[in-house]
1. So if I check each of 24, 6, which one is in contact (Cβ under 8 Å) with a residue 24 or more places away in the chain, more than 21 Å from residue 122 (Cβ to Cβ) and not in a strand (DSSP E or B)?
2. Assuming residue 10 fulfils every condition listed in (1) surrounded by fewer than 21 Cβ atoms within 10 Å (Cβ to Cβ); (2) touching a strand residue (DSSP E or B) at 6+ places or on another chain (Cβ under 9 Å) apart from one, which condition is it?
3. Considering each residue of the stretch 38-53, count those that are touching a residue at least 40 places away in the same chain (Cβ under 8 Å) and in contact with a helix residue (DSSP H, G or I) (Cβ under 6 Å, 6 or more places away or on another chain), and give that number.
4. Counting only residues that are without any contact (Cβ under 8 Å) to a residue 40 or more places away in the chain and outside any helix (DSSP H, G or I), which one in the stretch 27-37 is nearest to residue 71 (Cα to Cα)?
5. For residues that are out of contact with any helix residue (DSSP H, G or I) (no Cβ under 9 Å at 6 or more places or on another chain) and modelled with pLDDT of 95 or more, scanning just the stretch 109-132, find the one that is nearest to residue 9 (Cα to Cα).
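The values are calculated or read from the model by the stated rules, or taken from the named source; none is laboratory data. Every value quoted in this text rests on a predicted model; they were computed, and no experiment measured them. Using ideal geometry, Cβ is built from the backbone for each residue, glycine included, and neighbour counts are taken over all protein chains shown.
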């Protein structure tokens, strides 16, 4: 009888103030596998992508994610190569938030052995930190 290998799941986000939408996202990630790795966006990347600095420092945002106990590992994203965490940690599944701008077809083509899933929103109009 062969031993079942654990399924590694990876998710990404800014997490600038944990709210129910983030908790829903993290719980959905956990439902996709056995081991959850969350990559927290660097301050410089948030500024570049969203056009504004995050309210909380990257280390504080990472600690907040860890405190939820919904992730086995919390990593800081790479400032120059968004895909380095994926290549370094080789997850089995990538869970994207409903509003993340990542191109699923590009990810599937670039990482053909990784399942890419778009997760469902949690009251998107009510709990969206980007609108605050």
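1. 6
2. (1)
3. Here the count works out to 1.
4. Step by step, filter the stretch 27-37, then rank; the result is 36.
5. 113
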